[in-house]
Amino acid sequence: MTTYNFKSFLLISVLTVAFASCGKLKKPESAVKEEVLPDNIVELRDDQIKLAGIETGAIELRSISGTLKVNGIVSVAPQNLATVCMPLGGFIKSTNLMPGNAVKKGQTLAIIENQEFIDMQQNYLETKNKLEYAQAEYNRHKELYKDDVYSQKNLQQVTTEYKNLKSMASALKQKLELTGINPTRLTEDNISRTVALISPISGYVKAVNVSIGKSVSSSDVLFEIVNSDKLFLELNLFEKDAEKVSNGQKIRFFINNETEQHEAVIYQTGKSINNDKTYKVYANVVGRCSNMLPGMYVNAVIQTKKNLTTAVPSAAVVSFDDKDYIFVFERNKTENGKPITEYRMIQVKKAVTDDGFTEITLPENFDFKTAKVVVKGAYNLLSAKKNAGEMAC
């Protein structure tokens, strides 16, 4: 049962006295027999209507947004997450990064030292020099063959050697680039035993798994870099709620039990149901929050949309004996020369509330288009209904 504050209690007390006073008036002996009102009818005089603040309005067709509470985690797209390794391994010569440091694409993360780097550069330069000689020989023999000075067999031998060296040089060039060495700048005078490990993306350092002098292999994860500029939510819904969400719907969410509200927009819904009967929904985070990191747990509220449905201002719906009601204008009449207004109490089923309006289900065959519903003072009418025995006019 609704608990009223002092102001409401005072108003209801005044109404009760006002309503009851009309029942204590001495009626002439010639008066007609008192009218018996149906249980669902409440009648008030004009002064009582004014005192109770009764106002009427229309039952509207509105698109009411419901809410769906879900949970999930903050995630980052694969292209914004980098796991950095060293293809040939080696020893960590130096690094100055710690978890949380910001890095830019192309920035040096660490210096790696490995004897194999020297061998690779040496082999590439030797092969490159041999290739230059083999190419010159190939061109010379090709011209001699045209002049019938050289045999086809000799030309084939020179051609084979030239192509083998060419493929070898190309392979070594690819290995150098994979390691992080620029072959176009490599000369006999700048062979180095160290290579700079470069960040492939901009972001912040999530993990550092190195130390000075540590030996690392090609399979070891040395750094993890995360770009948190574009985060998204990975939310879990129950199977029964799958039809309630769609692309473009807005989401309000909170992280780490904070009171600060964040927003996201659904861009993709899952295409299958998981074994635990849950359904995945993905939403892009709107804006940026400095304390929001991938992997954080979130509580979210999805605003679900419905078709047009009958709705009234929330103050128009009252509860009594665990049931919901509205009051509608019934008719105007005159008793003992005084104008009286009747209001009918209608049982409804209350649903979701949004933006000050509540969705209701009306009885069958009820014409809501012509009905005038009490939008203000409904609880005062309910009070009059409860005290109908004392308030008959």
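The values are calculated or read from the model by the stated rules, or taken from the named source; none is laboratory data. Given the structure is predicted, the values throughout are model-derived calculations rather than measurements. Ideal geometry is used to build each Cβ from the backbone, glycine not excepted, and the neighbour counts take in all protein chains shown.
Restricted to segment 330-344, and to residues that are modelled with pLDDT of 90 or more and acidic (Asp, Glu), which residue is surrounded by the fewest Cβ atoms within 10 Å (Cβ to Cβ)?
Here the residue is 342.
Listed here are the residues, each with its yes/no results for (1) of a type outside the set (Ser, Thr, Tyr); (2) buried (at least 18 other Cβ atoms within 10 Å of the Cβ).
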residue	(1), (2)
81	yes, no
98	yes, no
103	yes, yes
110	yes, yes
121	yes, yes
125	yes, no
138	no, yes
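List the pairs whose first member sits in segment 194-218 and is in a strand (DSSP E or B), whose second member is aromatic (Phe, Trp, Tyr), and whose Cβ atoms are under 8 Å apart, counting only residues at least 6 apart or on separate chains?
Hits for this filter: 194/117; 195/117; 197/223; 205/223; 207/223; 208/223; 215/91; 216/91.
Could you please find all residues in segment 345-360 being small (Gly, Ala, Ser) and either crowded, with 19+ Cβ neighbours inside 10 Å or in contact with a helix residue (DSSP H, G or I) (Cβ under 8 Å, 6 or more places away or on another chain) (or both)?
Hit for segment 345-360 is 356, nothing else.
Hey, could you check segment 266-300 for residues that are polar (S, T, N, Q) and loosely packed, with under 14 Cβ neighbours inside 10 Å and say which is modelled with the lowest pLDDT?
It comes out as 290.
For segment 171-192, give me each residue that is more than 22 Å from residue 85 (Cα to Cα) and either in contact with a His (Cβ under 6 Å, 6 or more places away or on another chain) or surrounded by fewer than 12 Cβ atoms within 10 Å (Cβ to Cβ) (or both).
Across segment 171-192, the qualifying residues are 184, 185, 187, 188, 189, 190.
Within segment 221-235, track down each residue that is surrounded by 14 or more Cβ atoms within 10 Å (Cβ to Cβ) and either modelled with pLDDT under 90 or farther than 18 Å from residue 77 by Cα (or both).
222, 227, 228, 231 - these are the residues of segment 221-235 that are surrounded by 14 or more Cβ atoms within 10 Å (Cβ to Cβ) and either modelled with pLDDT under 90 or farther than 18 Å from residue 77 by Cα (or both).
For residue 251, state whether it is assigned by TED's automatic domain parsing to the domain that holds residue 102 and either modelled with pLDDT of 85 or more or not charged (D, E, K, R) (or both).
no
Take segment 32-88 and flag every residue that is of a type in the set (Ser, Thr, Tyr) and either outside any strand (DSSP E or B) or more than 30 Å from residue 335 (Cα to Cα) (or both).
The answer is 63, 65, 67, 75, 83.
Could you tell me whether segment 102-115 includes any residue that is in contact with a strand residue (DSSP E or B) (Cβ under 9 Å, 6 or more places away or on another chain), part of a helix (DSSP H, G or I) and among the polar types (S, T, N, Q)?
Yes, segment 102-115 has at least one match.
Please give the number of the condition residue 325 fails out of (1) surrounded by 18 or more Cβ atoms within 10 Å (Cβ to Cβ); (2) under 36 Å from the mean Cα position of the chain (by Cα); (3) without any contact (Cβ under 8 Å) to a residue 60 or more places away in the chain.
Residue 325 satisfies all of (1) surrounded by 18 or more Cβ atoms within 10 Å (Cβ to Cβ); (2) under 36 Å from the mean Cα position of the chain (by Cα); (3) without any contact (Cβ under 8 Å) to a residue 60 or more places away in the chain except (2).
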